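One structure below.
The values are calculated or read from the model by the stated rules, or taken from the named source; none is laboratory data. Keep in mind the model is a prediction, meaning the values are calculated, not measured. We place every Cβ from the backbone using ideal geometry, glycine too, and count neighbours over all the protein chains shown.
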Amino acid sequence: MSPTGRLFRPFSRGRHHHGRAAGIAVAALVTATSLPAMTAQAQAQPQQGCAPWDRECQVNRHLDEIRSQPEQLTEFARQMPKGGDLHNHLSGAISTESLIRYAAEDGRCIDTATLAASNGPCTTGQRPASDAVSDPEFRRQVIEAWSMEGFEPGGAESGHDHFFATFGKFGAATQGRDGDMLAEVAGDLAEQNQYYLETLLSKQSAELGELAERVGFAPKTTGDFRKLRNALLSNGLGELERAARTDTAQDFARYRNLLNCGTPAARPGCEVEVRLDYQVSRARPPANVFAQLLLGFELAQSDPHFVGLNMVQPEDAEISLRDYTLHMRMIEYLSAHYPEVSVTLHAGELVPGLVKPEELTHHINQAVNIAGAERIGHGVDLRHEDDWRALARSMAERDIALEAPLTSNCQILRVCGPQEHPLTSYLKHDVPVALSTDDPGVSRSNITAEYRRAAADFGLSYSQLKSSARNSLEYGFLPGESLWADADSHRMKPACTVATPGRGNLPAACAKLLKSSPKAELQWRQEKAFRAFEARYAARA
């Protein structure tokens, strides 16, 4: 049994719950014969007898033909519409070259021993960050310290340790650059044929820590949670919320200004819809974590830039493990006070050997069944969870999606292929899956690489990749009605049933739906892009 003493509880929030039994992911896309051994060889079976009008079938056939041809596969994945990125850490998404530029422009220093950035002026043992612009060898050292560039697994430092250490090294370079980072990542997504960014960002962290230390105590029970919430709200959390809202508005104004949004010179990144999930650092004292969660819930309720919250930092850290159930209980308590706020959680980013065996048995379970997470990120330890098949079935029935960043799972946990990674198990149980990047700047990767890896290493069909792209909009926390009346068959709402994306004028009722729903509008844009993409690639089959 898991530490909760029960496996499931009713899904309470239901804001994004579609009420179907099989999940949107791949119910009509994955055949029973292909699932047991979902390798590239098993999946890459020619699509026979495509009807002349069935372009999706024809594109499936074309993908099978190029699956083992890296250059053609990469170009296919790059051109494909890929929805949104639901698992994205803003600071980790920035290219290392941009971080170096920020540090140089802002007068930061870099320690020559640790290669960690810090505020100036520089002292003994430090070099100006500008040296990493002009000195090629120093630049190479910094890039390798601040990212996975050149990292070789199997040495004294694990991929896990090197990956997570990068954030402490380049952290100072990101100070005051939230708007710049939003602009860069929005531009990157536009280049990758994506339409929606849901990225992680924290605000007022230092002030929040001071408040928690001043009025907080270590909460353990629901009564403690109530007392601590009241104490925080009575002693200045509202002021921090207002400051966070002001800062966030300035960040968004900055990024839109950098991209010339709203002008004739607007850059493609302006077309990407950007929202935030409040980022909660989990490896901190309980009162601090609770204060962060409370601010996140307050912001997601009051500021439209924030659409949810998530917890970050290594799941295997000492405090993260010790307080895992406590954190889930905190979220459960606060969700009752803020029922419209959405929650996504890092859960199951663990493998044998990284933690004790018993730690592998319940993290996903508690995330979805105590905290009520509507999505989980990583979920790598699924097959070690207690009664994992029932857990996966429950996730599918309740439309709880998986954010799957395959590259970072490989780099951090050395879980790289279909034999080690549970992606195929999620697919087999019809759990909705959305491929994601995690920290593409640190990984030196992008969403195209994730789709290419899914096709080449896991053998996903074009239909499955298309499902991932659709899921990344359907399960995003962007407000508004879905375009789909039935997410399984992708049957549109009656208002838009007679319309064809990219062809002719919209019926008035459909135009009204798209105008009133940011989510439906993005989904329509993507369907229009799919129509053009499939017309182009079906001709090559």
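Set side by side, the residues R245, R256 differ, and just one is over 27 Å from G377 (Cβ atoms) and either under 21 Å from the mean Cα position of the chain (by Cα) or of a type in the set (K, R) (or both), which is R256. Applying the condition of being crowded, with 19+ Cβ neighbours inside 10 Å and at pLDDT 90 or above to region 492-505 and asking which residue is farthest from E527 (Cα to Cα) yields A495.
Determine, yes or no, whether G476 is buried (at least 17 other Cβ atoms within 10 Å of the Cβ) and either β-branched (V, I, T) or in contact (Cβ under 8 Å) with a residue 24 or more places away in the chain (or both). In short, yes. Does A165 meet the test of being closer than 24 Å to A93 by Cβ, touching a strand residue (DSSP E or B) at 6+ places or on another chain (Cβ under 8 Å) and of a type outside the set (K, R)? No, not satisfied. Against the test of being of a type in the set (D, E, K, R), outside any helix (DSSP H, G or I), modelled with pLDDT of 95 or more and over 17 Å from G296 (Cβ atoms), the options K227, K203, K220 yield a single qualifying residue, K220. With respect to A287, is the statement that it is assigned to a helix (DSSP H, G or I), touching a Phe, Trp or Tyr at 6+ places or on another chain (Cβ under 9 Å) and either within 19 Å of E241 (Cα to Cα) or touching a residue at least 12 places away in the same chain (Cβ under 8 Å) (or both) true? When the stated conditions are applied, A287 passes them.
Cβ-Cβ distances below 8 Å connect the following pairs, each with a first residue in region 361-387 that is at positive phi, a second residue that is small (G, A, S), and a separation of six or more residues or different chains: G372/S12; G372/S335; H378/A347; H378/G348; H378/A404; G379/A347; G379/G348; G379/A404. Checking F138, F167, F151 one by one, the residue that is within 22 Å of T448 (Cβ to Cβ) and hydrophobic (A, V, I, L, M, F, W, C) is F151 and no other. Taken together, G107, G159, G171 contain a single residue that is within 24 Å of E315 (Cα to Cα), modelled with pLDDT of 95 or more and surrounded by fewer than 17 Cβ atoms within 10 Å (Cβ to Cβ), which is G171.
Pairing each residue of region 311-334 that is more than 15 Å from A218 (Cβ to Cβ) and not assigned by TED's automatic domain parsing to the domain that holds K203 with any residue that is outside any helix (DSSP H, G or I) and modelled with pLDDT under 95, provided the two are 6+ apart or on different chains, yields no C-beta distance under 7 Å.
Of all residues in region 416-446, those satisfying the criterion of being under 21 Å from E56 (Cα atoms) and either under 17 Å from the mean Cα position of the chain (by Cα) or among the β-branched types (V, I, T) (or both) are P432, V433, A434, L435. Taken together, the criteria exclude S467 from residues that are modelled with pLDDT of 95 or more and either in contact with a Lys or Arg (Cβ under 9 Å, 6 or more places away or on another chain) or surrounded by fewer than 20 Cβ atoms within 10 Å (Cβ to Cβ) (or both).
Among the residues of region 435-443, is there at least one that is surrounded by fewer than 23 Cβ atoms within 10 Å (Cβ to Cβ) and in a helix (DSSP H, G or I)? Taking every residue of region 435-443 in turn, none turns out to be surrounded by fewer than 23 Cβ atoms within 10 Å (Cβ to Cβ) and in a helix (DSSP H, G or I).
Considering A499, A529, A511, A469, the condition of being of a type in the set (G, A, S), within 26 Å of the chain's Cα centre (by Cα) and more than 23 Å from A392 (Cα to Cα) is satisfied by A529 alone. All of D247, D188, D180 fail the test of being within 29 Å of R375 (Cα to Cα), buried (at least 22 other Cβ atoms within 10 Å of the Cβ) and acidic (D, E), apart from D188. Going through (1) surrounded by 20 or more Cβ atoms within 10 Å (Cβ to Cβ); (2) touching a helix residue (DSSP H, G or I) at 6+ places or on another chain (Cβ under 6 Å); (3) part of a loop (DSSP other than H, G, I, E, B) one by one, C416 falls short only on (1).
When we screen A165, A190 for residues that are assigned by TED's automatic domain parsing to the domain that holds M148, under 30 Å from C410 (Cβ atoms) and part of a helix (DSSP H, G or I), the only hit is A165. Here G269 passes the criteria (1) assigned by TED's automatic domain parsing to the domain that holds F217; (2) within 24 Å of H346 (Cβ to Cβ); (3) surrounded by 24 or more Cβ atoms within 10 Å (Cβ to Cβ); (4) under 21 Å from the mean Cα position of the chain (by Cα) except the one numbered (2). For S408, the test of being assigned to a helix (DSSP H, G or I) and crowded, with 24+ Cβ neighbours inside 10 Å is passed.
A390 falls short on exactly one of the conditions (1) within 13 Å of the chain's Cα centre (by Cα); (2) surrounded by fewer than 24 Cβ atoms within 10 Å (Cβ to Cβ), and that condition is (1). Applying the criterion of being in contact with a strand residue (DSSP E or B) (Cβ under 9 Å, 6 or more places away or on another chain) and among the small types (G, A, S) to the residues of region 411-440, the residue that is farthest from G150 (Cα to Cα) is A434.
One residue alone among T123, T199 is touching a strand residue (DSSP E or B) at 6+ places or on another chain (Cβ under 9 Å) and free of Cβ contacts under 8 Å to residues at least 24 places away in the same chain, and that residue is T123. With respect to (1) at negative phi; (2) assigned to a loop (DSSP other than H, G, I, E, B); (3) of a type in the set (G, A, S), the lone exception for A390 is condition (2). Could you please let me know if R453 is farther than 16 Å from T344 by Cβ, outside any loop (DSSP other than H, G, I, E, B), of a type in the set (D, E, K, R) and in contact with a helix residue (DSSP H, G or I) (Cβ under 6 Å, 6 or more places away or on another chain)? Spelling it out, R453 is indeed farther than 16 Å from T344 by Cβ, outside any loop (DSSP other than H, G, I, E, B), of a type in the set (D, E, K, R) and in contact with a helix residue (DSSP H, G or I) (Cβ under 6 Å, 6 or more places away or on another chain).
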